[in-house]
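Below is one structure, written out as structure tokens; the observations come after it.
The values are calculated or read from the model by the stated rules, or taken from the named source; none is laboratory data. All of these numbers come straight from a predicted model, not from anything done at the bench. All Cβ positions, glycine included, derive from the backbone under ideal geometry; neighbour counts span all protein chains shown. In case anyone asks, the SASA skips ligands and DNA or RNA and just uses the protein heavy atoms, side chains included. Shrake-Rupley method; radii C 1.70, N 1.55, O 1.52, S 1.80 Å.
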Amino acid sequence: MTSVAIVTGASSGIGAATARRLAAEGFHVLAAARRADRLADLVKEITAAGGQATAVTCDVTSDESVAGLAEAAAQAPGPVTLLVNNAGGARGLDPVESASIGDWQWMYDVNVLGTLRVTQALLPALEASGGGTIVVVSSTAGLTVYEGGGGYTAAKHAQTAIAGTLRLELCGRPLRVVEIDPGMVRTDEFGLVRFDGDADRAAAVYAGVPDPLVADDVADCIAWCATRPQHVNVDRLVVRPRAQAAQHKVHRIGS
């Protein structure tokens, strides 16, 4: 039977690229996100290319919605062997002393509690498959902090803690836990969400940076980790563009 992969945050960016790539690898993809219209277009694109995919409208901040995702997984045409916890995002770039509590709450609910809700809901199906893989898409922001990034780095550090704790708790069971930590990835929406639709501020993040990562680069990493032999666990994969040596060290042309 065809293995089923579930990808959250699949309506754009890394999530959409991952759904396409996993479908090309032979998975039936359950593409989950809030925006049904975007998902419908994605599924049409995947099926037109010869892949298999199903759209599942899901808000990872809602217990009821995530329960619906688990129900959809139970009706999927094969065992659920892969979960990609990709839904997430950043809001604001303010110092801790003046940061918006609401922005922090949103980042925790989507990045941290969203990962928790979805993982808890899908663990039984992943384990029942006899060889399940949980991928947590965190960030290099989960490994180090930077000015203005307190809320986002705190949320991503928490995601990293979830992945590491899960790996310990699931040891001995037929489940792998993989953490993917991308650096600078230029996507259509991440910066716009962070800066409340300010396209100029979003573009400035990548100004002068030669060849930042794109969503397909991260999708390639996720697919590679997920398709290793089942006894191989890639605990953590850190991926940055060549121009970014570290969170605080970025080569920019003309600077």
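Only one of these conditions is not met by residue 159: (1) over 19 Å from residue 8 (Cβ atoms); (2) buried (at least 19 other Cβ atoms within 10 Å of the Cβ); (3) among the polar types (S, T, N, Q). Which number is it?
It is condition (1) that residue 159 fails.
Exactly one of (1) without any contact (Cβ under 8 Å) to a residue 40 or more places away in the chain; (2) surrounded by fewer than 23 Cβ atoms within 10 Å (Cβ to Cβ); (3) assigned to a loop (DSSP other than H, G, I, E, B) is unmet by residue 11. Its number?
(2)
Of the conditions (1) under 23 Å from residue 13 (Cα atoms); (2) open to solvent by less than 70 Å² (accessible area, probe 1.4 Å), residue 129 clears all except one; give me its number.
(1)
Results for (1) closer than 29 Å to residue 22 by Cα; (2) without any contact (Cβ under 8 Å) to a residue 24 or more places away in the chain; (3) surrounded by 15 or more Cβ atoms within 10 Å (Cβ to Cβ), shown as yes or no for each residue.
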| position | (1), (2), (3) |
| --- | --- |
| 155 | yes, no, yes |
| 167 | yes, no, yes |
| 182 | yes, no, yes |
| 189 | yes, no, no |
| 210 | yes, no, no |
| 214 | yes, no, yes |
| 223 | yes, no, yes |
| 229 | yes, yes, no |
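Would you confirm whether or not the stretch 63-80 contains a residue that is among the hydrophobic types (A, V, I, L, M, F, W, C), touching a residue at least 60 places away in the same chain (Cβ under 8 Å), touching a helix residue (DSSP H, G or I) at 6+ places or on another chain (Cβ under 6 Å) and crowded, with 17+ Cβ neighbours inside 10 Å?
The answer is yes, given that some residue of the stretch 63-80 is among the hydrophobic types (A, V, I, L, M, F, W, C), touching a residue at least 60 places away in the same chain (Cβ under 8 Å), touching a helix residue (DSSP H, G or I) at 6+ places or on another chain (Cβ under 6 Å) and crowded, with 17+ Cβ neighbours inside 10 Å.
Are there any pairs with C-beta distances below 9 angstrom linking a residue in the stretch 44-55 that is closer than 13 Å to residue 21 by Cβ and in a helix (DSSP H, G or I) to a residue that is modelled with pLDDT of 95 or more and of a type in the set (Lys, Arg), with the two at least 6 apart or on different chains, and if so which?
45/20; 46/20
Look at residue 223 and say whether it is at pLDDT 95 or above and out of contact with any strand residue (DSSP E or B) (no Cβ under 9 Å at 6 or more places or on another chain).
It is true that residue 223 is at pLDDT 95 or above and out of contact with any strand residue (DSSP E or B) (no Cβ under 9 Å at 6 or more places or on another chain).
Do we find that residue 197 is out of contact with any strand residue (DSSP E or B) (no Cβ under 7 Å at 6 or more places or on another chain), open to solvent by 20 Å² or more (accessible area, probe 1.4 Å) and modelled with pLDDT under 95 in this structure?
The answer is yes for residue 197.
Do we have any residue at all in the stretch 107-126 that's assigned to a loop (DSSP other than H, G, I, E, B) and either closer than 19 Å to residue 205 by Cβ or open to solvent by 10 Å² or more (accessible area, probe 1.4 Å) (or both)?
For the stretch 107-126, residues assigned to a loop (DSSP other than H, G, I, E, B) and either closer than 19 Å to residue 205 by Cβ or open to solvent by 10 Å² or more (accessible area, probe 1.4 Å) (or both): absent.
With respect to residue 117, determine if the residue is under 19 Å from the mean Cα position of the chain (by Cα) and closer than 26 Å to residue 184 by Cβ.
The answer is no for residue 117.
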